[in-house]
Structures are given as structure tokens and as C-alpha cells.
Amino acid sequence: MKHFCLLSAFILLHGCAQISEIYTPSIRALTPDYARPVETSLTPLKPQRALADMTEGEQTIHASNGRYMKTVVRNGLLDDYADVYYPNGKLQSHTPLKEGFAQGWSTGYRNDGSVMSRILYKDGRIIRLQKIDEKGQVVSDVHVAPTQP
């Protein structure tokens, strides 16, 4: 059961189409995913809590596809950062966290290490999206306006 829960959380972090209702507001917010709508709701978000069997401190969560995530659990919340790695060990994305919420610039990387995307979060909400081409040029820069619930 432990591995199933951890794997489920990891898959959700990658924008899987089958998203758990419990983790939808916060786990989806951790992953650069341009397939989502460019709107964000003003409905209060809940901080991303660690899974019940996760201990305090640094954590590494492995998925069956070879990818893994490193984070910190503090006071029962994911905190400091969420770093997702490709199976080859290269960083896929880095998202700063503060008390369970994405906060600041999240950066997505291609397998070759070049920057692919940047998402600016404020209190767990996306406020800006940037898509970056292989030459390092920003090809899309979207400021997200919040919508009323």
C-alpha cells in the first residue's frame, strides 16, 4: 500500500490525466504543464500534505518508470522544494515550496539539461507561464489572471 500511495502521488506530479481529488489543487500546481487552462481560481487552496506514512525530513520517492522526486517533509507538509528527476538522474524540474505551497519560479528542464519552461507561483497559484525553445529564447510568456470561483 505504501508503494501504491507514493507512486500515485508521483504520477500526479507529472500531470497524469487521472488526478486524485485530494491532491488536485496542490500536486498539479507543482508540475510545469502547459496543457492546463491558463486560468487560476481564487478558491482557497490547501497546502500539499505529505502522505501519512512519510516521515519528517528529506524524502526520495521512486516511480516504476524510473523517475523519482526529492523533497522535504516538515510539520506534515511538503516544504523547501520538489525536485523531479529523469531516469538517467538528470533534473527534470525544480519547484520551490513554502509550507506546502509552490512559491516562486519553478523550472522545467529537457533531458539535455536546457531550460524548457518556467512557471511563477504565488501561494500555490500560477501567475505567470513561460515556454522556452531549444535556443533558450522565451517563445511564450503568459501572465495569468485569477478567475472568481
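Could you tell me whether GLY113 is closer than 25 Å to GLN59 by Cβ and more than 17 Å from the chain's Cα centre (by Cα)?
Yes: the conditions hold for GLY113.
A quick yes/no check of all residues on (1) over 16 Å from the mean Cα position of the chain (by Cα); (2) among the basic types (Lys, Arg); (3) surrounded by 14 or more Cβ atoms within 10 Å (Cβ to Cβ); (4) at pLDDT 95 or above:
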{"site": "GLN103", "(1), (2), (3), (4)": "no, no, yes, no"}
{"site": "TYR109", "(1), (2), (3), (4)": "no, no, yes, yes"}
{"site": "GLY124", "(1), (2), (3), (4)": "no, no, yes, no"}
{"site": "GLN137", "(1), (2), (3), (4)": "yes, no, no, yes"}
{"site": "SER140", "(1), (2), (3), (4)": "yes, no, no, no"}
{"site": "VAL144", "(1), (2), (3), (4)": "yes, no, yes, no"}
{"site": "THR147", "(1), (2), (3), (4)": "yes, no, no, no"}
For LYS131, indicate whether it is touching a Phe, Trp or Tyr at 6+ places or on another chain (Cβ under 9 Å), over 21 Å from GLN48 (Cα atoms) and basic (Lys, Arg). yes
For the range 60-81, which residues satisfy the criterion of being buried (at least 16 other Cβ atoms within 10 Å of the Cβ), modelled with pLDDT under 90, within 17 Å of LYS98 (Cα to Cα) and more than 13 Å from the chain's Cα centre (by Cα)? LEU77
Which residues, taken from the range 111-122, are among the small types (Gly, Ala, Ser) and either surrounded by 13 or more Cβ atoms within 10 Å (Cβ to Cβ) or in contact (Cβ under 8 Å) with a residue 24 or more places away in the chain (or both)? SER117
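The values are calculated or read from the model by the stated rules, or taken from the named source; none is laboratory data. Small disclaimer: the values here were computed from a predicted structure and weren't measured. With ideal geometry, Cβ positions are generated from the backbone for all residues, glycine too; neighbour counts draw on all protein chains shown.
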